[in-house]
1. Long-range amide H contacts for GLY193: which residues qualify at under 5 Å (H placed 1.01 Å from N, peptide plane, sequence gap of 5 or more or a different chain)?
2. Given a Förster distance of 45 angstrom, what is the FRET efficiency for HIS74 paired with HIS13, based on the Cβ-Cβ distance and rounded to 0.05?
3. Quick one: what do you get for segment 13-55 if you divide its Cα Rg by 2.2 N^0.38 Å?
4. As an exercise, take the mean of 1/r over every pair of distinct alpha carbons in segment 86-219, invert it, and state the Kirkwood radius in angstroms.
5. What is the P(r) of segment 141-276, as percent of Cα-Cα pairs per 10 Å bin from 0?
6. Which of the trypsin sites (Lys or Arg not before Pro) across segment 124-167 are loop residues per DSSP, with 13 or fewer other Cβ within 10 Å?
7. Beyond 23 Å, what share of the Cα-Cα pairs of segment 1-89 is found? Please give it as a whole percent.
8. Wrap a convex hull around the Cα atoms of segment 103-157, take a quarter of its surface area, and give that in square nanometres.
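Here, each number is a calculation from the coordinates, and none is a lab measurement. In this text, all values refer to a predicted model and were calculated from it rather than measured experimentally. Heads up, the Cβs are rebuilt from the backbone with ideal geometry, glycines too, and the neighbour counts pull from every protein chain shown.
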Amino acid sequence: MTRCFIIGHPVAHSRSPIIHGHWLAEHGLDGSYERVDVPPDAVAAFLDRIRSGEFAGGNVTVPNKEAVLPLLDHVSETARRMGAVNTIWMEDGKLHGDNTDAFGFLAHLDDRVPGWDARTASALILGAGGAARAVVHGLVSRGVGRIILVNRSMARAEDLAAEFGAGVEARGRSEAAALVATSDLIVNTTSLGMQGQPPLDLDLTGLRPGTIVDDIVYVPLETALLAEARARGGLPVDGLGMLLHQAIPGFERWFGVRPEVTPALRARLEADIPLR
Ligand code: ATR
């Protein structure tokens, strides 16, 4: 049996086992995907268990995504740029790591708004943390020419913008409302608007109809940001799809089958997430 895992601390809340469990059953594979609670100081010892053959690979989540990177034998260019790894696997006796968050973000956007990149000249990104880095990386890779970062901590937005160079810039929060009116794509990468968190404070009055508004928050499924965007004629893109799509490359590596994000899988996850 091929055993896989998600390591995090805590890890009980992770929905990844539902996704991979669904695909294992769908493809009739002899495999497992287990939650393993691994605090940062136990990551190195856990990696030895993979090297010894106990597991084929797995996912890495908070707070281990950065800590695992220097402990691997091979890290993809994308993961290196992210400074974080979310997917690991054994290949030719070596432990490999990749980061599939940007892939997941783009794949879901492609699915929901085909051709979005051809009509996205300017994007507004809210936030400047790890999720923002993945989103900016994805947008740059698809040729979005102008990416503007707005964040509570302006210095953090400036640092992230500097990492990417020309085409990515930081602006103050006071400019957000005006930037809403000139952006083709708006992405919330902060945790604001998530159940139990403060609301995202963004004035959408100037939103042009047809503007794509993507929220990586998926609890609730329709955040206040997405509901208001929809009411104003925007194209809302929810965060659940990114979670589902980022899981595809890992499953394919571990089990040798490229799985699909089907309506049945989505429904399975939606079943225990509040709509609003
Ligand atoms: P992740 O890896 O999920 O992106 P992170 O690196 O902790 O997590 O980043 C969280 C993002 O949400 C940051 O942009 C953070 O703003 P700061 O850089 O100013 O901390 C933003 N964020 C979190 N809580 C916030 C709040 N209450 N108000 C405004 N922004 C918030």
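1. It is LEU200, by chain and number.
2. So the FRET efficiency works out to roughly 0.90.
3. Taking the Cα Rg and dividing by 2.2 N^0.38 Å, one obtains 1.38.
4. 15.5
5. Once binned at 10 Å, the Cα pair distances of segment 141-276 give 11, 34, 34, 18, 2.
6. ARG152
7. The share of Cα pairs beyond 23 Å in segment 1-89 comes to 22 percent.
8. If I average the Cα hull's projected area over directions, I get 3.7 nm².
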